[in-house]
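In what follows, a single structure is set out as structure tokens and then discussed.
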Amino acid sequence: MDDVNTELLTVLHKGLDEHFDEEELRTLCFYLGVRYDRLRGEGTTGKARELISSMDRLRRLEELIDKACKMNSCIRDELLKVHSTQPRDELKEWKELHNLLQDLQNSFAICHSYIIREKQVKGRPLEQMRRHEQLFEEAETNWRPCRNVINAITELAARKDPSWWYDELSRLSDAVDDSFEQPDLVRLSERLSAFGDIVDRWLYRADKKLRKAIQ
């Protein structure tokens, strides 16, 4: 076992011991298809140690890390500090991009919710028209926080070479901006959906990049 892997297992064990209580550790074992009660060791310290050893022997360590990081982001952050073959600056940029995309995803969900409600509007034509206008204005207001995060991503993209990953996100965000200039809820809904898909896709890729970096 090399020094990097030894350090990785040590940090992972410490993270599980400090950030997971017994119930959370049981849940993690459930996700992995492992019988918690059959693990040797006493308390969360012993159980976490045996779980890691078992997953390492079965070559399922990546799966364990993936599920543990999803349950507790503190473990992901601590594992990222472990020495990696990936340059530190690049790793830092991917982490920054991941955090920005996560913020964007959260802000976007609020904005998009108003357009989803548009399909549920009922009543007389005049009432529907007024309600549509109100939802459009609410969506536009809540798009502004999204645009602020996009601007921060733009600054990050300017520092990366190449920044091809940013082109599609930029194009779709500009299309959403254009849609707010004209009160067409159908077109706005389509563009917001496409934008949401690309945000989800790139958040997944950034998350995968980070997880691969700590293996």
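The values are calculated or read from the model by the stated rules, or taken from the named source; none is laboratory data. Since the model is a prediction, treat every value here as computed from it, not as a measurement. Backbone-built Cβ (ideal geometry, glycine too); neighbour counts: all protein chains shown.
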Residue satisfying condition, being assigned by TED's automatic domain parsing to the domain that holds residue 152, surrounded by 15 or more Cβ atoms within 10 Å (Cβ to Cβ), among the aromatic types (Phe, Trp, Tyr) and closer than 18 Å to residue 153 by Cβ, within set 180, 195: 195
Residue count, segment 167-192 (criterion: assigned to a helix (DSSP H, G or I) and either charged (D, E, K, R) or touching a residue at least 40 places away in the same chain (Cβ under 8 Å) (or both)): 15
Segment 152-174: number of residues that are exposed (fewer than 11 other Cβ atoms within 10 Å of the Cβ) and either modelled with pLDDT of 90 or more or not assigned by TED's automatic domain parsing to the domain that holds residue 102 (or both): 0
Only one of 24, 18, 7 that is assigned to a helix (DSSP H, G or I), modelled with pLDDT under 90 and not hydrophobic (A, V, I, L, M, F, W, C): 7
Flag if residue 201 is surrounded by 13 or more Cβ atoms within 10 Å (Cβ to Cβ), without any contact (Cβ under 8 Å) to a residue 12 or more places away in the chain, closer than 26 Å to residue 70 by Cβ and within 24 Å of the chain's Cα centre (by Cα): yes
Residue list for segment 82-110, filter: farther than 20 Å from residue 166 by Cβ and at pLDDT 80 or above: 109, 110
One residue from 142, 148 being surrounded by fewer than 16 Cβ atoms within 10 Å (Cβ to Cβ), in the same structural domain as residue 206 (by TED's automatic domain parsing), at pLDDT 90 or above and at negative phi: 148
Flag for residue 128 being surrounded by 12 or more Cβ atoms within 10 Å (Cβ to Cβ), modelled with pLDDT of 70 or more, outside any loop (DSSP other than H, G, I, E, B) and out of contact with any Cys (no Cβ under 6 Å at 6 or more places or on another chain): no
Tally, over segment 25-34, of residues that are touching a Leu at 6+ places or on another chain (Cβ under 9 Å) and more than 13 Å from residue 45 (Cβ to Cβ): 4
Test: residue in segment 51-65 that is surrounded by fewer than 17 Cβ atoms within 10 Å (Cβ to Cβ) and touching a residue at least 60 places away in the same chain (Cβ under 8 Å): yes
